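What follows is a single structure, written as structure tokens, with notes after it.
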Amino acid sequence: MQRFVITEGDEPVSEILIGRGLIPEMARYLPQREDRRQVAILAQPTVLPLADAVVASLLEQDLDVSVIPLPDGEAAKTLSIVEDIALDLNRLGLTRADTIFGIGGGAATDTAGFVAATYLRGIECVLAPTTLLGAVDAAVGGKTGVNVGGKNLVGVFRHPARVLIDIDVLEALPMVLLRQGTAEALKTGFVGDPDLVELYREHGIDAPLEEVVGRAIGVKARVVSEDFREGGLRAVLNYGHTAGHAVEVAAGISHGEAVAIGMVAAGVVGEQTVGFDRRAEQEQLIASLGLPTRSPDVDLGEIERLMLLDKKRDTGGIRFVVLEDFGVPRVVHPDDATVRASLHAIGID
Ligand code: GLY
């Protein structure tokens, strides 16, 4: 079992456990507390069988357990779903001593985290991400939220008390989900752990997940412990997201694929601003993992408009995270010609 702790100041605020066979023995891994009476499990349809295993484990501890199904994917991330869940929790009589347990992909854990942060002004949250993307990114680090017009426009920063990652579950993922998570895991390697980049170079998409997840979370826990509310350092976790997010919205592709394409664009910005000379190597690695390196057909004007929307939220102009080297990230504000060149490199003209 691997264990990581996220701290705020010197205080431990969130614990992440990575192991095998965690789901069927979930009760053992809840934070120890005497006063807990109920656990409400929020679960996506595709993981209801796993949720049943969690229920069985919790019932052995004489806890009252309910399962509240969530819609699949982003359809879970709406304020009206949050309202429905809050009404259910109230009907069940969940108190501040009780626990929300979110299980599923990133959309499920984002929603569960937001519900737990806001119901009764905050109750304990435990998350079990069941996708690689959720395990290495969405469920870890306390960014919760729902979509209101824009993606994650309404949300709060609040850590889950515990995140439980069952490697057996991740190993059973279909290739398409494995690849999407691989983009975020590789991103974490690029900004914070060259050994993780090396692991992918050596093993490709078959890199052992225990090590991938442990290394990615090692980076994330370190960054988030230093800068929980994204005042500075945490921005490096957005490597590949500036162009990636615009392509995700404009082309309607998955977040993981968009981040892969966005990292190619960020490589160009890095080359032109800080002289990053391993951009081709980076692009080859992304391609060798079966991830896209070029955008689907999208309109340049639309992409620029979407990037400008982000710009409004950052007073310094369009912000790119770039690499000076693998493991050495930096934030830059490139000029328009550099942004255009980076978009050209991913097939947007
Ligand atoms: N997904 C980036 C972060 O957690 O900050």
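Looking at (1) at pLDDT 95 or above; (2) within 22 Å of V13 (Cα to Cα); (3) within 12 Å of the ligand (Cβ to nearest atom), can you tell me which one S225 breaks?
(3)
Go through the range 15-60 and count every residue that is of a type in the set (G, A, S), over 24 Å from L177 (Cβ atoms) and surrounded by 15 or more Cβ atoms within 10 Å (Cβ to Cβ).
Summing the residues that are of a type in the set (G, A, S), over 24 Å from L177 (Cβ atoms) and surrounded by 15 or more Cβ atoms within 10 Å (Cβ to Cβ) in the range 15-60 gives 3.
Would you mind finding the one in V247, V212, V236, V197 that is crowded, with 19+ Cβ neighbours inside 10 Å and within 12 Å of the ligand (Cβ to nearest atom)?
Going through V247, V212, V236, V197 in turn, the sole match is V236.
Take the conditions open to solvent by 20 Å² or more (accessible area, probe 1.4 Å), touching a Ser or Thr at 6+ places or on another chain (Cβ under 9 Å) and within 14 Å of the ligand (Cβ to nearest atom) and apply them to E230. Does it pass?
Considered against the rule, which asks whether it is open to solvent by 20 Å² or more (accessible area, probe 1.4 Å), touching a Ser or Thr at 6+ places or on another chain (Cβ under 9 Å) and within 14 Å of the ligand (Cβ to nearest atom), E230 comes out as no.
Looking only at the range 108-132, count every residue that is surrounded by fewer than 24 Cβ atoms within 10 Å (Cβ to Cβ) and of a type in the set (F, W, Y) and tell me the total.
Result for the range 108-132: 1.
Is it the case that some residue within the range 91-107 is surrounded by fewer than 22 Cβ atoms within 10 Å (Cβ to Cβ) and assigned to a helix (DSSP H, G or I)?
Within the range 91-107, one or more residues are surrounded by fewer than 22 Cβ atoms within 10 Å (Cβ to Cβ) and assigned to a helix (DSSP H, G or I).
Which residues, taken from the range 133-156, are surrounded by fewer than 19 Cβ atoms within 10 Å (Cβ to Cβ) and either within 10 Å of the ligand (Cβ to nearest atom) or assigned to a loop (DSSP other than H, G, I, E, B) (or both)?
G149, N152
Which condition number in (1) free of Cβ contacts under 8 Å to residues at least 60 places away in the same chain; (2) under 25 Å from A287 (Cα atoms); (3) of a type in the set (S, T, Y) is the one that Y200 fails?
Looking at each condition in turn, Y200 falls short on (1).
Please indicate, with yes or no, whether at least one residue in the range 265-278 is within 16 Å of the ligand (Cβ to nearest atom) and either at pLDDT below 95 or in contact with a His (Cβ under 9 Å, 6 or more places away or on another chain) (or both).
Yes, because at least one residue in the range 265-278 is within 16 Å of the ligand (Cβ to nearest atom) and either at pLDDT below 95 or in contact with a His (Cβ under 9 Å, 6 or more places away or on another chain) (or both).
Any residue in the range 174-189 that is more than 16 Å from the ligand (Cβ to nearest atom) and outside any helix (DSSP H, G or I)?
yes
Looking only at the range 270-296, count every residue that is touching a strand residue (DSSP E or B) at 6+ places or on another chain (Cβ under 9 Å), farther than 10 Å from L323 by Cβ and either aliphatic (A, V, I, L, M) or crowded, with 22+ Cβ neighbours inside 10 Å (or both) and tell me the total.
Going through the range 270-296 one residue at a time, the tally reaches 0.
The values are calculated or read from the model by the stated rules, or taken from the named source; none is laboratory data. Computed from a predicted structure; not experimentally measured. As a convention, Cβ positions derive from the backbone with ideal geometry for all residues, glycine included, and neighbour counts pool all protein chains shown. Accessible surface is based on the protein model in full, side chains and every heavy atom, while ligands, DNA and RNA are left aside. Shrake-Rupley method; radii C 1.70, N 1.55, O 1.52, S 1.80 Å.
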